[in-house]
Amino acid sequence: MPMDRTTGDLLRAAARHSAGRCVALCLVSVTATAAGLLLPAALGRALDLLIAHAPATRWVLCCAALVALLTALDALETVLAGTADARTAAFLRRRVTGHVLALGPRAADRFGAGDLVARVVGNAAQAGAAPAARAALLAALAGPVGAVVALALVDPWLAAVLLAGAPVLTLLLRTLARDTSACVADYQRAQGRIAAALGEAVAGARTIRAAGTADRDTARVLRPLPELHRAGVRMWRVQGRAAAQAVAVAPLLHLGVVAVAGVLLTRHRLSAGDVLAASRYAVLATGVGVLVGRLSGLARSRAAAARLGEVLDQPPPAHGDRRLPADGTGRLELRGVTARRGGRTVLDGVDLVVPGGRTLALVGRSGAGKSLLAALAGRLADPDAGEVLLDGVPLPELRRDALRAAIAQAFDRPALLGGTVEGTIGLGPPGRSPSPARVREAARTARADDFVRRLPQGYATVCAHAPHSGGEAQRLGLARAFAHGGRLLVLDDALSSLDTVTERQVTDVVFGGSTTATRLVVAHRAATAARADAVAWLDGGRVRAVGTHRELWRSPEYRAVFGAAGTEGDPR
């Protein structure tokens, strides 16, 4: 299976990271192979001495020492291989995770959250076995080669018999490596699709339950299962066929060597000990089982590394060196913005202006592009065409720190990172963390202070151990956005899980005059849209109309966007 440049570079970097352990593993494996090659000769010599009734104590002790050495080396090899695999897998996970974080939401848009988890967790572990497998492969190759050399030293005819079947074994191993690579790649791709679909289903569990589409979504998640089954069956068939062919060829070669050794014994060219040694060497030379295992492992590792390489091939967003004008008001502008996802045009030539300090609600049916437009406004995604500007500066031309300091965002399912609750709310760019007083003020604004204080250690509670509902998680996400402030506040369905009273209290802050930030709010409720300064109605990837909620409410199609909840926003 040919490797692309990224995959090759990744595997070389992994090998360098675990170079010390892999070198030690290679030395231990080669030493074990050498000891294994010496053992048949020592056994043969001890047998000849015993048959001749000569003192053989020294050779028997030598055989015992070789067996003890092989046992110790095998244990050491297991420890070295295990630690090298673990270190390399950790290195690959850190590297890929760092790249995923640099990509931001683009990574999930490209691969899906579930598929990314499968790559970072499963594929990284499989790819992490590559350096140790390569180190052990030298010993796996040295065994058969050394056995052939040893047979030649016993008698050249024995080596000649074995070498007659070498091309067949070589072809078998080459075919195994090629077919295994293809099967493993198909299997891992099917695994990734199942993981991606499962991740989407878990994220949308509430929607699926409310819509009553559990059976349909279960079928969608399991749709790649037959393909996974076929790839798995093909993989086992390839390995089974290789094993069967090896079983057919290897015993014939072994019998041929033993038969020739027997003939040479009758002609007094070999001793009984030589025949014993030749028999053992024939087993070592034709025992392709170790090679089959090593090659199969390398094929799986390379296929897994290729999947990691696909992630690393995605370029992270570039940033410029400009800053926002000091007198800017947070004016947001989209000019001819077109954005595609999965081959589908979600936004098509969108032109939109949000004056500084004003609030714009984004309204539209599911799939209209509201969340994507919000992501473009916060530069969590880049348009395929057109540009997004903040105070007249295209977002890609801004410095990273200037961009993140200017834009605060909150989502329906916030990622609650950080050690403690306080750290979660204050999480931000290095050197720009808000003060504890600012964190608590933001929590009070988001109506999160009361339930945080009821936690076992209050704001010092470890976030991962803090029990919270969906609405409480949203309030922590809102508090984080409020704590960092900025010129632009983007709320992507960040109020959907709040109860009515809390939502009203938070929207009083978002839509009130207590903040000068420009606010872009993805609105699913008519009552939320009614409080905005203006509403942008998205339909079919375009801005169908911009106006106040009262003006747009006159359209039956606009009212239909809110469905049964439409009467909530009736301005009459």
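Worth pointing out:
- Positive-end residue of 65, 202, 456, charge dipole of the chain with Cβ unit charges: 65
- Local net charge near residue 447, Cβ-Cβ under 11 Å (Lys/Arg +1, Asp/Glu -1): -3
- Computed FRET value (nearest 0.05) for residue 252 with residue 121, which takes r as the C-beta separation and R₀ as 60 Å: 0.85
- Listed from fewest to most Cβ neighbours within 10 Å, the set 465, 268, 17 follows the order 268, 465, 17.
- Normalised by 2.2 N^0.38 Å, where N counts its residues, the alpha-carbon radius of gyration of the range 4-128 equals 1.70.
- All other residues whose Cβ lies under 14 angstrom from that of residue 402 are scored, Lys and Arg at +1 and Asp and Glu at -1, for a net of +4.
- Inter-site label distance for residue 385 and residue 508 at 7 Å from Cα along Cβ, in nm: 4.7
- Virtual spin-label span in nm between residue 12 and residue 437, 7 Å along Cα→Cβ: 5.5
- Full-stretch length increase - residue 72, residue 259 - with 0.36 nm per residue and alpha-carbon distance subtracted: 63.9 nm
- For the range 5-312, the fraction of alpha-carbon pairs in successive 10 Å shells from zero, as %: 6, 21, 25, 20, 13, 8, 4, 2, 0
- Coupling constants for the range 491-505 follow from the phi torsions by the Karplus curve (6.51 cos²θ - 1.76 cosθ + 1.60, θ = phi - 60°), and in residue order they are 10, 9, 6, 7, 10, 5, 9, 7, 5, 4, 5, 5, 4, 5, 5 Hz; glycine and proline get x.
- Extension gain (nm, one decimal) between residue 58 and residue 533, 0.36 nm per residue minus Cα-Cα: 161.3 nm
- The chain: angle of helix 5-17 to the longest principal axis, Cα-based, in degrees nearest 10: 70
- Rounded tilt (10° steps) of 57-103 against the dominant C-alpha axis of the chain: 20
- What you get for the range 269-359, charging only the Cβ of Lys and Arg (+1) and of Asp and Glu (-1), is a dipole of about 280 debye around the Cα centre.
- The length gained on full extension between residue 501 and residue 338, counted as 0.36 nm times the residue separation minus their Cα-Cα distance, comes to 54.9 nm.
- Placing +1 on each Lys and Arg Cβ and -1 on each Asp and Glu Cβ, with no other charges, gives the chain a dipole about its Cα centre of roughly 180 debye.
- Label selected from (i) 25.7; (ii) 32.1; (iii) 33.5, the criterion being mean projected area of the Cα convex hull in nm² as computed here: (iii)
- What the Cβ-Cβ distance of residue 465 and residue 444 gives, at R0 = 22 Å and to the nearest 0.05, is a FRET efficiency of 0.45.
- 5 angstrom amide H check on residue 338, placed H, neighbours 5+ away: 349, 350, 384, 385, 386
Every number in this text was worked out from the coordinates using simple rules, so none of it is lab data. As the structure is a computational prediction, the values presented were derived from the model and not from experiment. Cβ: placed from backbone, ideal geometry, glycine included. Neighbour counts: every protein chain shown.
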